[in-house]
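First the structure, in the form of structure tokens, and then the observations on it.
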Amino acid sequence: MPLGSKAKYTAAQKRKAARIEESYEQKGVPTDEAEARAWATVNKQSGGGEKPGGSGRNKAPEKKAQARSESAKRAAATREGHPRNSTVSLSTQTKESLLKEARAKDIRGRSSMRKDQLIDALRKAG
């Protein structure tokens, strides 16, 4: 029999383990091994028993708003206040995103440009 209490598992996890165990037993696997395999499968798929935390569905609205605000502040701080079309800001983007911007501004020859050429063209295009 598998070690440990199953009290922390959700009802859905317990049902899943029972179905998996039954399936193994129908294939001729001994009962103890079938149970062990079933719980190992449930653990592998769901990460084990019910754990505190997670998606934050139970978080108070004030805390959600505060967390969102702090996240926005951190994101703004990483931009270091550089204007969107500055060389520093453009150099942190991927070539694909630069190409997308160049396409939006209809810059000719963009598909054959290197990243530094795209940055120059975008900066000149304003």
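The values are calculated or read from the model by the stated rules, or taken from the named source; none is laboratory data. Every value quoted in this text rests on a predicted model; they were computed, and no experiment measured them. Glycine gets a Cβ as well: all are built from the backbone with ideal geometry, and neighbour counts include every protein chain shown.
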Among the residues of the stretch 108-126, write down those that are within 13 Å of Lys95 (Cβ to Cβ) and touching a Ser or Thr at 6+ places or on another chain (Cβ under 7 Å). Ile119
Please specify each residue of the stretch 18-46 satisfying the condition of being assigned to a helix (DSSP H, G or I) and aliphatic (A, V, I, L, M). Ala18, Ile20, Ala34, Ala36, Ala38, Ala40, Val42
How many residues does the stretch 89-110 hold that are over 31 Å from the mean Cα position of the chain (by Cα), among the small types (Gly, Ala, Ser) and not in a loop (DSSP other than H, G, I, E, B)? 0
Modelled with pLDDT of 90 or more and either farther than 30 Å from Ala7 by Cβ or of a type outside the set (Phe, Trp, Tyr) (or both): is that true of Ile119 in this structure? no
Pair list, Cβ under 7 Å, 6 or more apart: the stretch 12-41 residue among the acidic types (Asp, Glu), other residue modelled with pLDDT under 90 and surrounded by 13 or more Cβ atoms within 10 Å (Cβ to Cβ): Glu35/Pro2
Does Arg57 satisfy the condition of being out of contact with any helix residue (DSSP H, G or I) (no Cβ under 7 Å at 6 or more places or on another chain), surrounded by fewer than 10 Cβ atoms within 10 Å (Cβ to Cβ), within 30 Å of Lys8 (Cα to Cα) and at pLDDT below 90? yes
